[in-house]
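Working notes, structure below.
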Amino acid sequence: MKDIFADFSQDDLWLIEEPRWVRHLQNIRESQFTLGNGYLGIRGVLEEIPYDAMAGTYVAGVYDKMGSQVDELVNLPNPVNFRFTIAGEKLDLIATDILEHQRILNMKKGLLIRHTVYQDTKKRRYDYQSLRFVSQHDRNIGAMQIVITALDAACSIDVDTGIDTSVSNAGILSEGRKRHFRVKELGQAHQAGYLVAETVERRHTLVYWSGFYYQINGKKTYAQDNIFRLRLGKGQTVTFTKIFYIKHFPCKEASTSYKKESFARFNQAFRGKFYLLLRNHIKAWERLWKKADIVVDASRNLQENLRFNIYHMLITAHYDSGFSSIGARTLSGEGYRGHIFWDAEIFLLPFYLFNFPRAAKNMLLYRCKRLNQSRELAQKEGYRGAKFAWESAGTGEEETPQWSKDLDNTVIKIHTHQQEHHITADIAYAVYKYYLVTADEEFMRYYGYELFFETARFWASRVKYNKKRKKYEVNYVIGPDEFHREVNNNAFTNMMAKWNLLTAHKLFYQLKKQGSLYKTLLSKLNLSEKEVKDWKKISAGIAINVNKNKIIEQFDGYFKLKEVSLTRTDENGIPLIPIKLKPRMLGKTRLVKQADVLMLLCLLDDVFNLDTKIANYDFYIKRTVHKSSLSPAIHALLACEVGDLTRAYNLFKVSLRADIANVYGNTYEGIHGASLGGTWQAVIFGFCGVKIIKEKIALNPHLPRAWNKIAFSLFWQQSIIALELTNDSIRLKVLSRTKKEMALTVFNRPVCLKTNKNYLFRRSKLAREKEGFY
């Protein structure tokens with residue numbers, strides 16, 4: 001049988017393949033094969049919705065709470081729903097015999113392609129092929145084609161499609177499954193079906209339009225109903241084409257205007273030519289990859305897996321003026337209920353910042369536009385300024401559930417929202433990095449300065465002065481290492497608070513030169529210069545414990561905890577916690593869940609010298625068990641800098657394969673967003689040696705020996721820096737619409753480059769002799 005969609009499965013180094021049906025991998029594949037465009041995410045569920053399928057359709061920013069502990073990303077009606085039955089036998093990978101099966105995710109073009117050959121109980125074969133996509137050109141549109149051929153005998157096919165409203169959100173702990181929407185209207189009009197739904201508590205209105213037509217022998221027929229029967233002769237082929245449109249609106253009792261507006265957009269796509277929708281979608285993907293692709297001259301497996309990570313960040317990028325941000329599991333599943341953590345600003349945002357700064361700005365606008373809710377959180381807990389929620393959803397209110405499962409699946413009470421306060425400084429840090437990279441003064445004027453001053457205010461009220469130590473302390477916290485709760489003076493938290501206060505002080509005096517805005521903000525925030533001077537005083541006195549060997553104590557008393565020897569690893573080289581050590585006992589040991597002190601060394605890179613980094617890396621790497629997908633990439637990044645190159649590459653591969661290989665055993669809940677962003681950072685900031693030093697880009701690569709060269713581009717202050725690196729050479733060109741000069745540091749040498757001119761730099765012979773490769 002002819003492979004109808006063969007042209008879309010020939011893109012070498014761009015394909016993720018499911019070569020055969022493996023039932024226990026079904027939900028993992030659904031996450032891996034997610035299609036999306038940042039506004040809309042649809043899991044890669046099979047069209048026939050087999051038993052145990054986890055269909056998921058998500059719109060960025062649409063959350064609801066009814067029936068659950070906290071707000072969660074709503075699993076909306078499923079438009080990818082196409083079921084075929086022949087003589088009472090459903091064409092289904094579980095219900096019917098399969099002679100062949102293959103699915104391919106084409107990451108270059110954002111397409112999911114399938115080819116299955118079924119055989120019924122009478123040994124009659126049916127060739128089934130499909131293609132579908134969620135449009136990058138029109139973010140409300142999705143499209144699919146299914147081609148069926150009766151290979152051995154004539155048959156009657158019963159067709160059942162439409163919009164599936166039987167979906168629900170997964171049950172967590174004792175909640176049970178929840179349906180967060182109610183159907184307000186459902187009907188047919190203009191040879192298409194429509195649905196108007198409303199989320200139960202938050203009352204988001206969603207309008208769906210869906211229509212399809214089929215072609216036999218070149219004759220095109222628009223379906224009059226979602227359920228019907230058609231006759232197919234032996235060897236005859238039918239092609240079904242389905243177009244759907246999804247958009248959310250503010251709550252409104254009468255939805256007629258919403259339906260009318262949506263129909264006009266839907267009908268234009270539905271009545272147009274399918275190949276034009278497809279062509280526009282593919283062109284949009286070409287534009288994305290032109291900016292975001294990283295080309296590595298290395299193994300094909302590495303190149304494909306790296307593109308898999310980038311693909312999943314591309315299908316999450318969105319621009320909606322801060323209505324939404326990116327959840328811990330992107331729009332590919334319901335893990336962590338779709339909540340937004342520090343993962344967004346610290347792990348994911350750098351990818352967008354250096355490739356799609358508008359998307360990075362959108363993520364920050366999400367926080368800025370919830371500043372009032374953050375003020376209320378701070379006030380509720382007795383603090384001043386703004387304290388951001390540890391887990392956030394639609395409103396910016398605290399959405400951390402009270403209960404969850406521990407490493408051994410026992411149910412435990414959650415304390416992160418009460419103690420993991422570093423997120424407030426993390427968000428300020430992300431705002432400042434955005435400002436450095438983009439020089440976006442307008443953003444700072446409208447949002448950035450205010451956020452900075454309010455977060456500094458929070459830390460000034462959060463610290464307590466210890467008269468005995470003559471130090472300011474931040475007590476009763478959880479750092480990034482969540483094994484240890486209710487600790488005092490966590491080094492990461494304290495240093496980030498110190499940085500937040502100092503930077504706010506610096507920005508205040510920068511703003512003072514701008515006259516009217518300075519006066520307006522002072523009045524709005526009731527801010528005085530004396531208060532700002534206090535920030536600097538407090539920052540100077542914040543406690544950090546460092547021993548004579550330059551090792552930063554993770555928190556007060558950490559060095560006195562029980563030492564545990566890690567003697568075994570898993571197949572990925574990740575240390576295994578001794579079996580006898582129960583999760584509740586981890587807080588009494590020196591074992592570390594994920595990068596904590598080492599995370600600090602990465603973020604405040606220019607604060608610590610190399611000797612301090614080496615001492616702390618050597619100490620903490622032996623005690624870290626990487627029980628978070630956030631961990632391996634950060635350790636890989638720092639390992640590059642301190643020269644532990646073999647471990648750097650091994651940890652990078654763990655992060656790279658986190659979801660393509662289901663390393664953590666929970667990819668079925670969605671793709672790990674922080675791991676995606678961390679992997680990109682390990683490549684760019686780690687192996688490629690890209691840094692921001694004294695507010696300038698610096699380049700000093702440490703590529704693995706197996707990588708001959710690497711090519712990518714970065715956005716920097718309204719220009720694009722196109723780069724091609726080896727360990728010994730750097731080719732670059734600064735692309736800009738204006739003639740200007742750009743100062744950089746290359747191989748530790750300051751240079752000043754003119755725009756739109758090719759440059760080649762080589763590492764000195766002495767430096768090459770000192771380099772170690774792996």
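If you go through segment 448-492, how many residues are in a helix (DSSP H, G or I) and either under 26 Å from Tyr518 (Cα atoms) or not small (Gly, Ala, Ser) (or both)?
Filtering segment 448-492 for residues in a helix (DSSP H, G or I) gives 448-462, 491-492.
Now restrict to residues that are either under 26 Å from Tyr518 (Cα atoms) or not small (Gly, Ala, Ser) (or both): 448-462, 492.
The total comes to 16.
Just to be sure before I move on: is Ala269 buried (at least 18 other Cβ atoms within 10 Å of the Cβ), touching a helix residue (DSSP H, G or I) at 6+ places or on another chain (Cβ under 9 Å), in a helix (DSSP H, G or I) and not polar (S, T, N, Q) in the structure I sent? Can you show your working first?
Numbers: buried (at least 18 other Cβ atoms within 10 Å of the Cβ): yes; touching a helix residue (DSSP H, G or I) at 6+ places or on another chain (Cβ under 9 Å): yes; in a helix (DSSP H, G or I): yes; not polar (S, T, N, Q): yes.
Yes; evaluated as a whole, the condition is true for this residue.
Can you name the number of the only condition in (1) in contact with a helix residue (DSSP H, G or I) (Cβ under 9 Å, 6 or more places away or on another chain); (2) within 17 Å of Leu651 (Cα to Cα) that Pro575 fails?
So Pro575 meets the others, but not (1).
Can you pull out every residue in segment 135-165 that is of a type in the set (Ser, Thr, Tyr), assigned to a loop (DSSP other than H, G, I, E, B) and open to solvent by 30 Å² or more (accessible area, probe 1.4 Å)?
Thr165
Specify the residue that is surrounded by the fewest Cβ atoms within 10 Å (Cβ to Cβ); the eligible residues are those in segment 166-194 that are among the hydroxyl-bearing types (Ser, Thr, Tyr) and closer than 25 Å to Tyr336 by Cβ.
Ser174
Could we say that Ile310 is outside any helix (DSSP H, G or I), open to solvent by less than 20 Å² (accessible area, probe 1.4 Å), in contact with a Leu (Cβ under 9 Å, 6 or more places away or on another chain) and within 27 Å of Ala143 (Cα to Cα) here? It would help to see each step written out before you state the result.
On the way: outside any helix (DSSP H, G or I): no; open to solvent by less than 20 Å² (accessible area, probe 1.4 Å): yes; in contact with a Leu (Cβ under 9 Å, 6 or more places away or on another chain): yes; within 27 Å of Ala143 (Cα to Cα): yes.
So Ile310 fails the test.
Between a first residue in segment 644-663 that is within 18 Å of Lys613 (Cβ to Cβ) and small (Gly, Ala, Ser) and a second residue that is open to solvent by less than 40 Å² (accessible area, probe 1.4 Å) and not in a loop (DSSP other than H, G, I, E, B), which pairs have beta carbons less than 7 Å apart while being 6 or more apart in sequence or on different chains?
Filtered contacts from segment 644-663: Ala648/Ala636; Ala648/Ala639; Ala648/Cys640; Ala648/Gly686.
Just to be sure before I move on: is Ala540 within 30 Å of Tyr435 (Cβ to Cβ) and surrounded by 15 or more Cβ atoms within 10 Å (Cβ to Cβ) in the structure I sent?
Details: within 30 Å of Tyr435 (Cβ to Cβ): yes; surrounded by 15 or more Cβ atoms within 10 Å (Cβ to Cβ): no.
No.
Suppose we keep only residues that are among the small types (Gly, Ala, Ser) and in a strand (DSSP E or B) within segment 387-436. Which one would you say is farthest from Asn372 (Cα to Cα)?
Per the criteria, the residue is Ser404.
Going by what's in this entry, would Arg231 be described as open to solvent by 40 Å² or more (accessible area, probe 1.4 Å) and under 21 Å from Ala53 (Cα atoms)? If you could, list the steps in order and put the result at the bottom.
Working: open to solvent by 40 Å² or more (accessible area, probe 1.4 Å): yes; under 21 Å from Ala53 (Cα atoms): no.
Spelling it out, it is not the case that Arg231 is open to solvent by 40 Å² or more (accessible area, probe 1.4 Å) and under 21 Å from Ala53 (Cα atoms).
From the list Leu527, Leu586, Leu598, exactly one residue is out of contact with any Ser or Thr (no Cβ under 6 Å at 6 or more places or on another chain), assigned to a loop (DSSP other than H, G, I, E, B) and open to solvent by less than 40 Å² (accessible area, probe 1.4 Å). Which is it?
Details: Leu586 fails: assigned to a loop (DSSP other than H, G, I, E, B); Leu598 fails: assigned to a loop (DSSP other than H, G, I, E, B).
When all the criteria are applied, what remains is Leu527.
For the subset of segment 315-325 comprising residues that are over 16 Å from Asp343 (Cα atoms) and touching a residue at least 60 places away in the same chain (Cβ under 8 Å), which member is least open to solvent (accessible area, probe 1.4 Å)?
Top of the filtered list is Ile315.
Could you figure out which of (1) open to solvent by 60 Å² or more (accessible area, probe 1.4 Å); (2) touching a residue at least 12 places away in the same chain (Cβ under 8 Å) isn't true of Lys219?
Result: Lys219 fails condition (2) only.
Does segment 616-629 hold any residues that are charged (D, E, K, R) and not in a loop (DSSP other than H, G, I, E, B), and which are they?
Across segment 616-629, the qualifying residue is only Asp618.
In this structure, does Arg125 turn out to be under 16 Å from Leu232 (Cβ atoms) and of a type in the set (Lys, Arg)? Lay out the reasoning, then the answer.
On the way: under 16 Å from Leu232 (Cβ atoms): yes; of a type in the set (Lys, Arg): yes.
In short, yes.
What are the residues in segment 552-577 that are part of a loop (DSSP other than H, G, I, E, B), touching a Ser or Thr at 6+ places or on another chain (Cβ under 8 Å) and surrounded by fewer than 14 Cβ atoms within 10 Å (Cβ to Cβ), if any?
Answer for segment 552-577, where residues must be part of a loop (DSSP other than H, G, I, E, B), touching a Ser or Thr at 6+ places or on another chain (Cβ under 8 Å) and surrounded by fewer than 14 Cβ atoms within 10 Å (Cβ to Cβ): Glu563, Leu576.
One residue is enough: does segment 280-289 have a residue meeting the conditions hydrophobic (A, V, I, L, M, F, W, C), in a loop (DSSP other than H, G, I, E, B), at pLDDT 95 or above and at negative phi?
No: zero hits.
Considering only residues that are touching a Gly at 6+ places or on another chain (Cβ under 8 Å) and in a loop (DSSP other than H, G, I, E, B), look in segment 630-659 and name the one that is most open to solvent (accessible area, probe 1.4 Å).
For segment 630-659, the residue satisfying everything is Gly643.
Give the residues of segment 195-216 that are part of a strand (DSSP E or B) and either surrounded by fewer than 13 Cβ atoms within 10 Å (Cβ to Cβ) or out of contact with any Leu (no Cβ under 9 Å at 6 or more places or on another chain) (or both), sorted by residue number.
Of everything in segment 195-216, those that are part of a strand (DSSP E or B) and either surrounded by fewer than 13 Cβ atoms within 10 Å (Cβ to Cβ) or out of contact with any Leu (no Cβ under 9 Å at 6 or more places or on another chain) (or both) turn out to be Thr205, Gly211, Phe212, Tyr213, Gln215.
When you go through Arg358, Arg367 one by one, which is the residue that is surrounded by fewer than 23 Cβ atoms within 10 Å (Cβ to Cβ) and part of a helix (DSSP H, G or I)?
One residue alone meets the criteria, Arg358.
Just to be sure I understand the filter: pairs with C-beta atoms under 9 Å, separated by 6 or more residues or on different chains, first member in segment 535-554 and within 18 Å of Leu502 (Cβ to Cβ) and modelled with pLDDT of 95 or more, second member assigned to a loop (DSSP other than H, G, I, E, B) and open to solvent by 70 Å² or more (accessible area, probe 1.4 Å). Which pairs pass?
Close Cβ pairs satisfying both conditions: Gly541/Lys470.
Pick out the one residue from Val487, Val437, Val431, Val474 that is in contact (Cβ under 8 Å) with a residue 60 or more places away in the chain, among the β-branched types (Val, Ile, Thr) and open to solvent by 10 Å² or more (accessible area, probe 1.4 Å). Explain how you work it out, then say what you get.
On the way: Val437 fails: open to solvent by 10 Å² or more (accessible area, probe 1.4 Å); Val431 fails: open to solvent by 10 Å² or more (accessible area, probe 1.4 Å); Val474 fails: open to solvent by 10 Å² or more (accessible area, probe 1.4 Å).
Selected residue: Val487, the only one of Val487, Val437, Val431, Val474 that is in contact (Cβ under 8 Å) with a residue 60 or more places away in the chain, among the β-branched types (Val, Ile, Thr) and open to solvent by 10 Å² or more (accessible area, probe 1.4 Å).
For the condition among the hydrophobic types (A, V, I, L, M, F, W, C) and either in contact with a Ser or Thr (Cβ under 7 Å, 6 or more places away or on another chain) or assigned to a helix (DSSP H, G or I) (or both), what is the one hit in Phe228, Phe263? Before the answer, list the steps.
Details: Phe228 fails: either in contact with a Ser or Thr (Cβ under 7 Å, 6 or more places away or on another chain) or assigned to a helix (DSSP H, G or I) (or both).
Every option except Phe263 fails the conditions.
In segment 660-774, which strands (runs of 3 or more DSSP E) lie fully inside it and hold 2 or more residues that are open to solvent by less than 40 Å² (accessible area, probe 1.4 Å), of a type in the set (Phe, Trp, Tyr) and at pLDDT 95 or above?
Fully inside segment 660-774 and qualifying: 710-716.
Yes/no matrix, rows are residues, columns are (1) under 20 Å from the mean Cα position of the chain (by Cα); (2) touching a residue at least 60 places away in the same chain (Cβ under 8 Å); (3) open to solvent by less than 60 Å² (accessible area, probe 1.4 Å):
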site	(1), (2), (3)
Ser257	no, no, yes
Ile294	yes, yes, yes
Ala298	no, yes, yes
Gly327	yes, yes, yes
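Output yes when any residue across segment 207-227 is out of contact with any Phe, Trp or Tyr (no Cβ under 7 Å at 6 or more places or on another chain) and either hydroxyl-bearing (Ser, Thr, Tyr) or more than 19 Å from Ile146 (Cβ to Cβ) (or both), and no when none is.
No - not one qualifying residue is present in segment 207-227.
Show me the strands (runs of 3 or more DSSP E) found entirely inside segment 1-105 where at least 3 residues are buried (at least 19 other Cβ atoms within 10 Å of the Cβ) and of a type outside the set (D, E, K, R).
Details: elements: 15-18, 40-42, 57-59, 83-86.
Ranges flagged: 40-42, 57-59.
The values are calculated or read from the model by the stated rules, or taken from the named source; none is laboratory data. Remember, it's a predicted structure, so these values are computed and weren't measured experimentally. Virtual Cβ from ideal backbone geometry, glycine too; neighbours counted across all protein chains shown. The area values use the complete protein model at the heavy-atom level, side chains included, leaving out ligands, DNA and RNA. Shrake-Rupley method; radii C 1.70, N 1.55, O 1.52, S 1.80 Å.
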